[in-house]
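The next block holds one structure in the form of structure tokens; read it before the comments.
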Amino acid sequence: MEKAPFPISSWSEDDKPREKLMLKGKSALSDAELIAILIGSGSRNETAVDLSKRILATVSHNLNALGKQSLSQLMQFKGIGEAKAIAIVAALELGRRRRVEDAVELVKINSSKVIFELMQPIIGELQHEEFWIVYLNNSNKVISKQQLSKGGITGTVVDVRLVFKVALEMGATSLVLCHNHPSGSLKPSEADKQITQKLKKAGESLEILVLDHVIVTETGYFSFVDQGIL
């Protein structure tokens, strides 16, 4: 008989913030719970969350002020050793850098040429075949480029389920298929055509459009859409 999962009440106090993040998402956690995940564990008399609350109280619960604390200042708290202090400082520094960086303008896909220019530097000169998926948002802007498979010069294998699992996780509404032909040939194989139709049909049921399939070589490209076969 399969055992029932442990109720949340049975988890250790130090594990609860991690479980909460997994179940409810990062935005559901308080500042103290996020810091508790960084430090991992508290002490015999104090949970990681309580320790984090105590640290935040000394800076009036202001994360900017916490980010200015030195390692030695953080290590004055009982339960915060060098490793935990470093984790806090590093995480807050990443947050600071994220705020000051200019937002990256996403590439908008409005032609097969844009796909070629995007992917040629990545796969155009390889001596083996790779299959990539370019995931797009509802404005046809690139939100991610992911290598799906890597194969020998004779071909590669495509996992249809993985393609759409990633798309759903990213909130992509459409995608472009892309692979290279190390031989330099721009003619699609029968296998290329079959996998394109297979992915297109799978996407239709999930309302995720396959906008194009672009074959890339060192100097040129072939677009299924431009050639009227998608």
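Every number here is computed from the coordinates shown, using simple stated rules; none is lab data. The structure displayed is predicted, hence computed values, not measured ones. Positions of Cβ are generated from backbone atoms using ideal geometry, with glycine treated the same way; all protein chains shown enter the neighbour counts.
Using amide H atoms built in the peptide plane, which far-off residues or other-chain residues are under 5 Å from residue 174 H to H?
When sequence neighbours closer than 5 places are left aside, the close amide H contacts are 136, 209.
Assuming R0 = 45 Å, what is the FRET efficiency of residue 72 and residue 27, from their Cβ-Cβ distance, to the nearest 0.05? Show your work: numbers first, answer last.
Working: r = 32 Å, r/R0 = 0.72.
For residue 72 and residue 27, the calculated efficiency is 0.90.
What does the charge dipole of region 95-134 about its Cα centre add up to, to the nearest 20 debye, if the Cβ of each Lys and Arg holds +1 and the Cβ of each Asp and Glu holds -1?
Charge dipole, region 95-134, about its Cα centre: 420 debye, nearest 20.
Taking R0 as 41 Å, what's the FRET efficiency between residue 117 and residue 19 from their Cβ-Cβ distance, rounded to 0.05? Don't skip to the end; give the middle numbers.
On the way: r = 44 Å, r/R0 = 1.08.
The pair residue 117/residue 19 has a calculated efficiency of 0.40.
Provide the three semi-axes, in whole Å and in decreasing order, of the ellipsoid equivalent to region 8-100 as defined by the square roots of 5 times the Cα gyration tensor eigenvalues.
Square roots of five times the eigenvalues give 21, 17, 11 Å.
Could you calculate the contour length gain from residue 97 to residue 186, that is, 0.36 nm times the residue separation minus the distance between their Cα atoms, to one decimal place in nm?
27.7 nm
How many nm is it between the label spots at residue 63 and residue 157, if each spot is 7 Å from the Cα in line with the beta carbon?
Label at residue 63, label at residue 157, 4.2 nm between them.
If we restrict to alpha carbons, what Rg and Dmax does the chain come to, in Å?
Spelled out, the Cα radius of gyration and Dmax of the chain are 24.4, 70 Å.
Enumerate the whole-percent occupancy of each 5 Å bin, from 0 to the last occupied one, for all C-alpha pair distances of region 188-230.
Spelled out per bin, shortest first, that is 5, 22, 30, 23, 13, 5, 2, 0.
With the dipole of the chain worked out from charges on the C-beta (+1 for Lys and Arg, -1 for Asp and Glu) around the Cα centre, which of 181, 116, 66 lies farthest toward the positive end?
Farthest along the dipole direction, towards plus: 66.
How tilted is helix 112-123 with respect to the longest principal axis of the chain? Cα atoms for both, answer in degrees (0 to 90, nearest 10).
70 degrees
Arrange the following residues from fewest to most other Cβ atoms within 10 Å of their Cβ: 63, 56.
63, 56
If I take R0 = 22 Å and measure r between the Cβ atoms of residue 197 and residue 139 in this structure, what FRET efficiency does the formula 1/(1 + (r/R0)^6) give, to the nearest 0.05?
Computed FRET efficiency for residue 197 and residue 139: 0.25.
Before rounding to the nearest 500, sum -39500 (n - 2.57) across all DSSP H runs of length at least 4 in the chain and divide by the residue total; then give [θ] at 222 nm in deg cm²/dmol. Mind dumping the intermediate values first?
Values: 9 runs with 96 residues, N = 230.
So the helix-based figure for the chain works out to -12500 deg cm²/dmol.
Test of understanding: what is the full-extension gain from residue 226 to residue 206, defined as 0.36 nm times their sequence separation minus their Cα-Cα distance?
On the way: separation 20, 0.36 × 20 = 7.20 nm, distance 2.43 nm.
Computed gain between residue 226 and residue 206 is 4.8 nm.
Pick from 89, 216, 176: which residue has the top mean-square fluctuation in a GNM of the chain where Cα pairs under 10 Å get a spring?
For the chain, modelled as a Gaussian network with Cα springs under 10 Å, the answer is 89.
Suppose each label sits 7 Å from its Cα in the direction of the beta carbon; what would the residue 125-residue 165 distance come out to in nanometres?
Once both label points are built, they end up 3.4 nm from each other.
Given the alpha-carbon gyration tensor of region 112-223, what are the semi-axes of its equivalent ellipsoid in whole angstrom, ordered largest first, with each equal to the square root of 5 times an eigenvalue?
With the √(5λ) rule applied to region 112-223, the semi-axes are 22, 15, 12 Å.
Can you give the charge dipole size of region 8-100 about its Cα centre, rounded to the nearest 20 debye, using +1 on the beta carbon of Lys and Arg and -1 on the beta carbon of Asp and Glu? Kindly include the intermediate steps, with their values, before the conclusion.
Working: 15 positive and 10 negative charges, 76 e Å.
Charge dipole, region 8-100, about its Cα centre: 360 debye, nearest 20.
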